[in-house]
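For reference, the structure is listed below as structure tokens.
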Amino acid sequence: MPIENRQITNRGLSIGQISERTGLAPSAIRYYEEEGLVSPFRNAGGQRRFERADIRRLSFVMISQQLGFSIKQVKDALASLPDNRTPTKADWARLSNQFKDDLDARIAQMEALRDKLDGCIGCGCLSLKACKLYNPQDRIRHNGRGPRYILGDSASDVM
């Protein structure tokens, strides 16, 4: 029987119902519980029960991990949500804004990678003829290690 047709009581949702709604395996839900990302309560029979708001919490965890955020980053973000009530739209908007700057920086980095990958990336290899133009004598190395132009430096940063 689909979860939409089941009677959901004030006693919370079972791990199976949460699994069905989120697409997460029960083992993953238990892992997120161990990590402190959700805090189910126990019913009189000792079974885990989740609040409906935990569906959104777990969905946020899934999306955040797919975007490359660590469990610690997600846990820190979720800690800003209220424990004593179901988070409101404003609570979720505030939490989402915490990730906005990081996501914008990642988008800019991916665009730079897409646009510069076929040219000099300031890696210090000096194997391309263009390196003499974009990174003469590997001067960009003074700005740090790695692909400096992809990391945000520009040819004008070459000393």
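The table that follows gives values for the structure above.
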read-out	value
Any helices (runs of 4 or more DSSP H) falling wholly within region 1-114 and containing at least 2 residues that are outside the structural domain of ILE150 (by TED's automatic domain parsing) and within 30 Å of ASP153 (Cα to Cα)	53-66, 71-78
Qualifying residue in region 113-120 (condition: surrounded by fewer than 16 Cβ atoms within 10 Å (Cβ to Cβ) and within 22 Å of the chain's Cα centre (by Cα))	yes
Extreme residue, farthest from ARG106 (Cα to Cα), among residues of region 116-159 that are among the charged types (D, E, K, R) and part of a helix (DSSP H, G or I)	LYS132
Residue check, SER19 under 30 Å from ILE150 (Cα atoms), hydroxyl-bearing (Ser, Thr, Tyr) and under 23 Å from the mean Cα position of the chain (by Cα)	no
All positions within region 1-29 that are among the β-branched types (Val, Ile, Thr) and either surrounded by 13 or more Cβ atoms within 10 Å (Cβ to Cβ) or modelled with pLDDT of 95 or more (or both)	ILE3, ILE15, ILE18, THR22, ILE29
Per-region count, region 57-83, residues over 8 Å from the mean Cα position of the chain (by Cα) and not hydrophobic (A, V, I, L, M, F, W, C)	8
Some residue of region 140-153 being in contact with a Cys (Cβ under 6 Å, 6 or more places away or on another chain), touching a residue at least 12 places away in the same chain (Cβ under 8 Å) and buried (at least 16 other Cβ atoms within 10 Å of the Cβ)	yes
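Residue by residue, here is whether (1) modelled with pLDDT of 90 or more; (2) surrounded by 10 or more Cβ atoms within 10 Å (Cβ to Cβ); (3) out of contact with any helix residue (DSSP H, G or I) (no Cβ under 9 Å at 6 or more places or on another chain) holds:
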| site | (1), (2), (3) |
| --- | --- |
| ILE55 | yes, yes, no |
| PHE60 | yes, yes, no |
| ILE63 | yes, yes, yes |
| GLN73 | yes, yes, no |
| LEU78 | no, yes, no |
| PRO82 | no, yes, no |
| THR88 | no, yes, yes |
| ASP101 | no, no, yes |
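The values are calculated or read from the model by the stated rules, or taken from the named source; none is laboratory data. Fair warning: this is a prediction, and the values are worked out from it, not measured in the lab. Using ideal geometry, Cβ is built from the backbone for each residue, glycine included, and neighbour counts are taken over all protein chains shown.
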